[in-house]
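Okay, structure first, notes after.
The values are calculated or read from the model by the stated rules, or taken from the named source; none is laboratory data. From a predicted model like this one, the values you see are computed outputs, not experimental measurements. No Cβ is skipped: glycine too gets one built from the backbone with ideal geometry, and neighbour counts run over all protein chains shown.
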Amino acid sequence: MFLFWKHAISSAKLEQTIRSKGHEIILERVEPVNNNPRSGDPVRVKTAPDISTYDAVIFASPVQAFSLAPLMRLYLSKVSGLTGKKVYCFVTQRLKKPWLGGNRAVRQIKKICKAKGADIILSGVVNWSGSTRDNQIEDIVSRLSII
């Protein structure tokens, strides 16, 4: 099991729930060479975890500019080993409505992963500034508990 996530609280909840179901989970991050998105430098991947040994993968990413974060898009475009792998994907966004980039970012993850032979199992959007954020996180945790 493998997880990318930007927010520590969500990661801890997801990790605890998945472990409580008897699954092993390994948290790893895709990290940029330059962590300043306003620098103007092209996005480059500093840390690109190898997912080939995992049974299932959970990709989670923030939404940036109404799309999948460029770092995650770059990583997914280069990653190998997705053929036949179960993939779960979720995004977080600052805006309150999923149609303001969240849905598009999820579609982008799905499209890249499907093209590489992955089986998309679940997806979701967490609207970080919305009043239902905690409920959305709980929903994701609940849906992941079926793993």
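Values computed for the structure shown
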{"quantity": "The lone exception for Asn36 - which of (1) surrounded by fewer than 18 Cβ atoms within 10 Å (Cβ to Cβ); (2) part of a strand (DSSP E or B) it fails", "calculated": "(2)"}
{"quantity": "Pairs with Cβ under 7 Å, 6+ apart, first in the stretch 65-81 and under 16 Å from Asn103 (Cβ atoms), second assigned to a helix (DSSP H, G or I) and among the β-branched types (Val, Ile, Thr)", "calculated": "Leu68/Ile109"}
{"quantity": "Test set (1) in contact with an Asp or Glu (Cβ under 8 Å, 6 or more places away or on another chain); (2) under 15 Å from Leu122 (Cα atoms) - Val45 fails condition number", "calculated": "(2)"}
{"quantity": "Residue among Gly81, Gly101 that alone is more than 15 Å from Ala118 (Cβ to Cβ) and surrounded by 14 or more Cβ atoms within 10 Å (Cβ to Cβ)", "calculated": "Gly101"}
{"quantity": "Candidate set: the stretch 84-98, residues that are part of a loop (DSSP other than H, G, I, E, B) and not small (Gly, Ala, Ser); chosen: the one surrounded by the fewest Cβ atoms within 10 Å (Cβ to Cβ)", "calculated": "Lys97"}
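So that you can scan it fast, the table gives a plain yes or no per residue for (1) of a type in the set (Gly, Ala, Ser); (2) modelled with pLDDT under 85; (3) under 22 Å from Gln136 (Cα atoms):
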position: His7; (1), (2), (3): no, yes, yes
position: Lys13; (1), (2), (3): no, yes, yes
position: His23; (1), (2), (3): no, yes, no
position: Leu71; (1), (2), (3): no, no, no
position: Arg94; (1), (2), (3): no, no, yes
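The rows are residues; the columns are (1) of a type outside the set (D, E, K, R); (2) part of a loop (DSSP other than H, G, I, E, B); (3) in contact with a Phe, Trp or Tyr (Cβ under 9 Å, 6 or more places away or on another chain); (4) at pLDDT 95 or above.
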{"site": "Phe59", "(1), (2), (3), (4)": "yes, no, yes, no"}
{"site": "Arg107", "(1), (2), (3), (4)": "no, no, no, yes"}
{"site": "Cys113", "(1), (2), (3), (4)": "yes, no, yes, yes"}
{"site": "Ile137", "(1), (2), (3), (4)": "yes, no, no, no"}
